[in-house]
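Here's the structure, in structure tokens; my notes come after.
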Amino acid sequence: MKVTLKIKRFNPEKDEKPWWAEYAVEAEPTDRLLDALNAVKWYQDGTLSYRRSCAHGICGSDAMLINGSNALACKALLKNLGDTITVEPMRGFRVVKDLMVDLEPFFDKYKQVKPYFITYSVTPEKERLQSPPERERFDDTTKCILCGACTTSCPSFWANPEYVGPAAIVNAHRFIFDSRDEGREERLEILNHRDGVWRCRTIFNCVEACPRGINVTRAIGEVKQALMYRKL
Amino acid sequence: MNIKPHEYLTYRGRAGMWAWILHRLTGVGVFVFLLAHIVDTALIGWGPKVYNEAVALYRHPISRVGEAVLAGAVLFHALNGVRIIILDFWPQTMTAEKKLFAGVVGLFAVVYIPMAIYMLRFLVH
């Protein structure tokens with residue numbers, strides 16, 4: 001099949017504003033958008049820039065705005081995207097070049113929620129045991145690959161870049177509800193400030209965008225609830 | 001970073017995004033009406049003549065169509081508000097978020113269609 005890629009390009013060193021480039025690519029219906037982007041970069045226009053690494057939906061490098069909604073280029077099959085595919089960088093972060101955005105602020109938010117185990121009790125001699133239901137409690141949020149698709153699909157984040165964002169909350173949720181972790185209170189405190197979980201308006205764009213199928217809004221809702229009931 | 005207004009609307013969201021946009025629009029709409037309503041009731045301070053003349057504006061056909069739109073806005077805002085309350089207090093319902101929105105749309109249609117016909121029947125007479 002023949003597909004046309006309409007790619008929003010921007011080189012801050014040369015361009016005053018973003019512009020649309022069109023490329024015709026011959027591809028199989030079962031190819032992924034990433035294959036088509038590679039075909040452009042390798043055989044038509046080497047100046048096209050985008051991030052990719054594993055190409056199998058697990059490294060989280062190639063999240064972008066595909067036909068108007070966020071997805072991973074390596075998981076989006078051409079047969080589901082139509083003959084003309086629009087590709088843009090994710091919204092809400094500074095464009096470094098073409099489809100690459102500056103993710104530093106994204107990872108700053110991630111670090112803010114202390115995404116690591118915190119323990120204060122005496123370290124046990126053996127591992128900290130956990131029952132299957134206790135593990136199940138936060139299973140959904142362990143799947144995050146930090147691609148940024150959720151945060152950059154969120155109108156609350158677009159309106160207020162200070163909002164900690166769905167991805168950081170998902171990663172906080174992963175520890176808040178882990179029975180082995182003892183940093184629950186400090187994380188909840190961080191998420192209770194004005195740019196924390198309360199910015200979420202249950203719009204569900206993050207859930208639609210998540211390539212890992214995490215129910216992001218539910219995780220945010222559970223953190224909101226933990227905050228609401230913690231002092232009762 | 002700066003997101004332009006059209007970029008909010010060109011993101012291809014689904015039910016949840018539509019619910020949010022409509023909730024905002026109806027909320028602002030109802031708020032603007034309330035402001036106007038505060039002004040018209042305050043006119044009573046200038047005596048019954050001024051007040052009656054001002055309130056007579058509400059009987060104009062355009063106002064009456066506006067009234068039907070307002071009723072729809074209040075109804076949608078209320079129903080979707082209940083949806084949001086359910087989602088916020090019982091996060092486990094978030095897996096059925098689309099069904100809840102379908103419920104809002106369904107209930108809205110059931111209540112609003114007869115209501116709008118009743119309110120706008122003067123247009124055909």
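The values are calculated or read from the model by the stated rules, or taken from the named source; none is laboratory data. Remember, predicted model here, so these are calculated numbers, not experimental data. So basically every Cβ, Gly included, is an ideal-geometry build from the backbone, and we count neighbours across all protein chains shown. Areas reflect the complete protein model, heavy atoms only, side chains present, ligands, DNA and RNA absent. Shrake-Rupley method; radii C 1.70, N 1.55, O 1.52, S 1.80 Å.
If you check A:ILE203, A:ILE145, A:ILE214 for being closer than 23 Å to B:TYR11 by Cα, buried (at least 21 other Cβ atoms within 10 Å of the Cβ), in contact (Cβ under 8 Å) with a residue 40 or more places away in the chain and in contact with a Lys or Arg (Cβ under 9 Å, 6 or more places away or on another chain), only one passes: A:ILE214. Applying the selection to region A:60-95, what residues are within 20 Å of A:ARG9 (Cα to Cα), more than 9 Å from chain B (Cβ to nearest Cβ) and open to solvent by 50 Å² or more (accessible area, probe 1.4 Å)? Selection gives A:ASP83, A:THR84.
In region B:22-125, counting only helices (runs of 4 or more DSSP H) that sit wholly within it, the ones holding 1 or more residues that are under 21 Å from A:PHE204 (Cα atoms) and away from chain A (no Cβ under 14 Å) span B:61-89, B:97-120.
Within region A:169-178, is there a residue that is crowded, with 23+ Cβ neighbours inside 10 Å, under 27 Å from B:PRO5 (Cβ atoms), touching a residue at least 24 places away in the same chain (Cβ under 8 Å) and within 12 Å of chain B (Cβ to nearest Cβ)? So far as region A:169-178 goes, no, none of its residues is crowded, with 23+ Cβ neighbours inside 10 Å, under 27 Å from B:PRO5 (Cβ atoms), touching a residue at least 24 places away in the same chain (Cβ under 8 Å) and within 12 Å of chain B (Cβ to nearest Cβ). Picking from residues in region A:36-57 that are touching a Lys or Arg at 6+ places or on another chain (Cβ under 9 Å), of a type in the set (A, V, I, L, M) and within 23 Å of A:CYS210 (Cβ to Cβ), the one that is surrounded by the fewest Cβ atoms within 10 Å (Cβ to Cβ) is A:ALA55. For region A:219-232, a residue qualifies if it is touching a residue at least 24 places away in the same chain (Cβ under 8 Å) and either touching a His at 6+ places or on another chain (Cβ under 9 Å) or surrounded by fewer than 20 Cβ atoms within 10 Å (Cβ to Cβ) (or both), and the qualifying residues are A:ALA219, A:ILE220, A:GLU222, A:VAL223, A:ALA226, A:LEU227, A:ARG230. Hey, among the residues in region A:119-142 that are surrounded by 14 or more Cβ atoms within 10 Å (Cβ to Cβ) and of a type outside the set (S, T, N, Q), which one's farthest from A:MET64 (Cα to Cα)? This residue is A:ARG137. Of all residues in region A:77-116, those that are part of a strand (DSSP E or B) and under 13 Å from the mean Cα position of the chain (by Cα) total 1.
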